[in-house]
């Protein structure tokens, strides 16, 4: 793929600590890509390497098929996990400064600053020092700093942490809008429902290497263990039938009477259906998609 | 280079808007202005002005001669003719005039006359009397004048030849204090600026657009230019104030000012790298005061050493130390001011200083890059050093592959 970002075999050690151990994945053009993993899994390290803030011991980062260089990186937008702006600098001046550091002329920088301050609702605060702003507005300015130069790639480290629900909606909107314009968006988050809702694809990281990666839809429906929800009504008693599945190969009940069955190796859905019909009236029969949280937990256990 | 320029410009403009900076500048400017004016006043500048009452026609030729000789006595005399001795006495007593000359014979004063007025009057009277005597003896008028003003005796200085012009040493001493204060002040700003970026965490965004050495260079150049501008403004205003007040500047002033600028630029470049390292090792503003202690010791040490060598700037110690980069700026400035430094020594010291600074910039940029993204507790230099060596090893490993 040449349209997006590719990490190829990234390794990074800090003394005896292995932060990244051969990390590889791709983020396609216009894709919203979620980066998930426990604290210390190496997400921040990987992002810093993409931005050139850190150097990888081994491995390379490609952008549109070419190894990234300073010129390409200047067209990236980055929000570090450690948020920060110049506290005493005026909001407008600060955004113009960042746009210019990213290679914008002063005219373009002023334009971008006006546009993003308007879009993120901090326009009236242009003349204020950053330290005088509320935390919520500081977050908005921080986001504007990542967007002000119309980046071709967005890398956001925990962008949703500390946001109120309105902030979450605003940020989600901006990310989806950017991706609709073809900008790949890579972001990390611990809020898995959010990742599930926004992302087309995810990478799950554990101790520096991938444990799962791919389109969210695929991850949710595949896997070695599937969940099947079957509700069978015993026509005699009118109650939910139970224990009709006992003896079926590879089938295990996942909950008490909710009808959730865990299908392991060698299980056959058709057999399950036959048995269910024999037990009573089948009111519900369907593969249950796993939530990202379940995938995550499973990947961590595995 | 664009990044360096943007960073330097931000450093300057943000500080120029800072109220603390503006107040400090105005305050020091006022101090310099006041210093210039005070110095001029205390120095008893310009010719002293006197008013002298004259009585009687005989006093006319004397007054003419006094006027002629006044510049030699650093005086300016104006005359007020009065009708008689009694009036002159009243005027002297009342303080309306500084002295009175009566009939070319008597000088009336009230107590002691300040300055050279009495000597001027006496000398003029003597010359007048001598001229009259010569004229009476038949000496032609042209020769009278010549005989009264013989060529002055030739003066030969048999002491060791002094390279320095008078006054240069004084300017150099002032320059030493200025150099010490400004290098420390602006150096501290560098350390503070580095910590400000680190403590606010903004440094990571900046470093996603430029290399660490560019950020470092931009910061040093920006603050350095600001310091230089302040120094030049301060110096020229002080000098202008002195000139306006009528103070005669020693001819060496401008050479000395050039030397101060040279050693400020070199000294600041050298120390600012060290201050940047001191700043990059900590994450909180209040911790800078600990990591900058070694620098403070170095700068105060250089200042102390320079003063201790003041009595004997030609000594081997002073000579040797003036080639050791941390001490070079202050010691060389002194040695130049006192005319103890040969041209080749200045050239060599400058070269050594530039080389040392270049090496230091590279080293500081590496340490800075290694420590500026480590947030949290204070980073020890040893830690940074170890991780730098590790990076080296990894690089070598990569190259072998």
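To the nearest 0.05, how large is the calculated FRET efficiency for residue B:348 and residue B:146 if R₀ is 56 Å and r is the Cβ-Cβ distance?
Approximately 0.55, to the nearest 0.05.
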Extension length gain for residue B:232 and residue B:18 (0.36 nm per residue less Cα distance), in nm, is 75.1 nm
Rank these for me by crowding, B:322, A:134, A:240, going from fewest to most other beta carbons within 10 Å. A:134, A:240, B:322
When chain B is treated as a Gaussian network with springs between alpha carbons less than 10 Å apart, the largest mean-square fluctuation among B:325, B:212, B:150 is found at B:150
I'd like the distance separating the alpha-carbon centroids of the range A:1-73 and the range B:102-121, in whole Å. 95
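Report the full-extension gain for the segment residue A:260 to residue A:193: residue separation times 0.36 nm, less the Cα-Cα distance, to one decimal in nm. Working shown, then result.
Working: separation 67, 0.36 × 67 = 24.12 nm, distance 2.11 nm.
Taking 0.36 nm per residue and subtracting the Cα distance, the gain is 22.0 nm.
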Using the alpha-carbon centroid of each, what span in Å lies between the range A:183-215 and the range B:196-227? 33
Can you give the helix-only mean residue ellipticity at 222 nm for chain B, where every DSSP H stretch with n ≥ 4 adds -39500 (n - 2.57) and the sum goes over all residues, rounded to the nearest 500 deg cm²/dmol? -22500 deg cm²/dmol
DSSP beta bridges in the range A:5-220 [antiparallel fraction, %, rounded to 5]: 60
Just to be sure I understand: of the beta bridges DSSP finds with both ends in the protein assembly as shown, what percent are antiparallel, rounded to 5? 60
Comparing A:207, A:281, A:123 in a Gaussian network model of chain A (Cα, 10 Å), the one with the largest mean-square fluctuation is A:281
Mind jotting down the distance between the C-alpha centroids of the range A:122-138 and the range B:356-374, whole Å? 34
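Taking a ≥ b ≥ c as the square roots of the Cα gyration tensor eigenvalues, with a/c under 1.5 meaning rounded and otherwise prolate when a/b beats b/c, else oblate, which class fits the range A:5-220?
Cα axes put the range A:5-220 in the prolate bin.
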Expressed as a rounded percentage, what relative contact order does the range A:145-302 have, with Cα pairs under 8 Å and six or more residues apart? 22
With runs of 4+ DSSP H residues as the only contributors, calculate the mean residue ellipticity of chain A at 222 nm using -39,500 (n - 2.57) per run, divided by the residue total and rounded to the nearest 500. -10000 deg cm²/dmol
Order of B:123, A:189 under a 10 Å beta carbon neighbour criterion, fewest first: B:123, A:189
What shape does the range B:71-132 have by the C-alpha gyration tensor, where a ≥ b ≥ c are the square roots of the eigenvalues, rounded means a/c under 1.5, and otherwise prolate means a/b greater than b/c and oblate the rest? oblate
Given a Förster distance of 51 angstrom, what is the FRET efficiency for residue B:298 paired with residue A:252, based on the Cβ-Cβ distance and rounded to 0.05? 0.10
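For B:195, B:288, B:177, which order do you get if you count the other beta carbons within 10 Å of each Cβ and list the fewest first? Please list the in-between numbers first.
Details: B:195 24, B:288 21, B:177 12.
Arranged by neighbour count, lowest to highest, B:195, B:288, B:177 become B:177, B:288, B:195.
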Simple spin-label model, 7 Å along Cα-to-Cβ: residue B:324 to residue A:106 in nm? 4.7
Cα radius of gyration and Dmax for chain B (Å): 32.0, 112
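Every number in this text was worked out from the coordinates using simple rules, so none of it is lab data. None of the values given here were measured: they were computed from a predicted structure. All Cβ positions, glycine included, derive from the backbone under ideal geometry; neighbour counts span all protein chains shown.
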